[in-house]
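Notes to accompany the following structure.
Bear in mind that the values in this text are calculations on the coordinates, not laboratory data. Just so it is clear, the structure is predicted and the values come from calculations on it, not from any experiment. Every residue, glycine as well, gets a Cβ built from its backbone with ideal geometry; the counts of neighbours run over all protein chains shown.
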Amino acid sequence: MSRFDRRVAVVTGAGSGIGRALALALARRGARLALSDVDATGLGETGRAAEELGAEVLQARLDVADREAVIAHADAVAARFGAAHQVYNNAGIAFSRTVLESSYEDYERVLAVNLWGVIHGTKAFLPLLIASGEGHVINISSLNGYMAQAHLSHYCTSKFAVRGFTEALRIEMLEGGHPVQVTCVHPGGIKTNIASNALARARAAGLPVTPADEARQRTYNEKLLRMDPAVAAAIILNGVEHDRPRVLVGNDARAIDVIVRTFPALYQRMVMALGKRMTRAERR
C-alpha cells in the first residue's frame, strides 16, 4: 500500500493552482480527499475532476482565516472519514505594494490567510493526525520564505513565518515522539494566478495601479511563474512520500536558496538589481 492509498488528505486552496494539482495527484494515488477553497466555483471544478478519477471527496467553501470555520471543517472531516492522515495547508494570497503605500489592513489580510490559515489548519487537524498513527503536516511556504523582495513585504513576512512555525512544529513532534511528520515546502515560480490576483486585489481595494505594477505582473506571468502546477505537485508528493522536512520546488528555488545562504548580506542588492533589469526590459 502506498503512502497515499485510502489515506485522508486535507487540501486547502484546492480551487486552483498548486492546490488543485495536489488534489488531482492525490486522487490518482488513491487518497480520500477533503478539499476546501474560498472560491466555490473553482473548488467545485476540482472536486468533480477528482471524483472522475475515482476519489471520494468532501468539499467545503472555507476561508482559512476564519478559525471557527476551520475547526468546524476538521470536525466535518472526522465525521465523514473518521480520520485525517495528511494536511496540506496550501491556501495563500499575495499583495504588491511598498511598506509606505500599504495599510495595516493590507498586512492583516495577507497574514490572516497565509500565516493564520496555516496555524488554524495545523492546530485544528493535529489531534486527528496524531490519532491516525501516521500523520503528516505539509505547509506551503515559498522561496519568499527565505528570500525577501521589495513590494512583497506582506507576503514575505507571512512566508518567513510559515517556515519558522513549521520548523518549530517539527521539533515538537520529534521531542514528543508523536507519529506526525512535518514538511515545509518552498515553491519557486509556479504557473498560478497569484500575481494576477494580487493586482486584481489592489484594483478592488481602489488603489492606483501604475504601468510599473502592470509590467511587474506581466514579468511574473510570462517569465517567472513557469512551472506546471502538476509538476510542482509531483515534487511535493515525492517529498511527502520520503518524509523530507524541507522541499524546494524548482531550479529557481534551489538556486536562490544557495545564493541566500552564500551571500546573506548581499543578496538583497542582487535582487534589487535584477528587478531593475527586468523592469527596463519590460519597458522596452
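Remarks
- Sequence-ordered 3J(HN,Hα) estimates for the stretch 231-243 from the Karplus curve with 6.51, -1.76 and 1.60 and θ = phi - 60° stand at 5, 4, 4, 4, 5, 4, 5, 5, x, 5, 4, 9, 6 Hz, glycine and proline given as x.
- Two numbers describe the Cα atoms of the stretch 1-140: Rg and Dmax, which are 15.1, 53 Å.
- The HN-Hα couplings worked out from phi for the stretch 259-274 by the Karplus form 6.51 cos²θ - 1.76 cosθ + 1.60 (θ = phi - 60°) are 4, 5, 6, 7, 10, x, 9, 10, 5, 4, 5, 5, 5, 5, 5, 5 Hz, whole numbers, x standing for Gly and Pro.
- Close amide-amide hydrogen proximity is noted between residue 7 and 32, each under 5 Å apart and 5 or more residues distant or on a separate chain (H modeled in the peptide plane; Pro and chain starts excluded).
- Applying 1/(1 + (r/R0)^6) with r as the Cβ-Cβ distance of residue 234 and residue 99 and R0 = 51 angstrom yields a FRET efficiency of 0.90.
- Residues residue 52 and residue 79, FRET efficiency given R0 of 30 Å [Cβ-Cβ distance, rounded to 0.05]: 0.75
- Residues in the stretch 66-76 carry Karplus couplings, in order, of 8, 4, 5, 5, 5, 4, 5, 5, 4, 4, 5 Hz; the curve used is 6.51 cos²θ - 1.76 cosθ + 1.60 with θ = phi - 60°, and Gly or Pro positions show x.
- Computed E for residue 5/residue 259 - FRET, C-beta separation, R0 51 angstrom, nearest 0.05: 0.85
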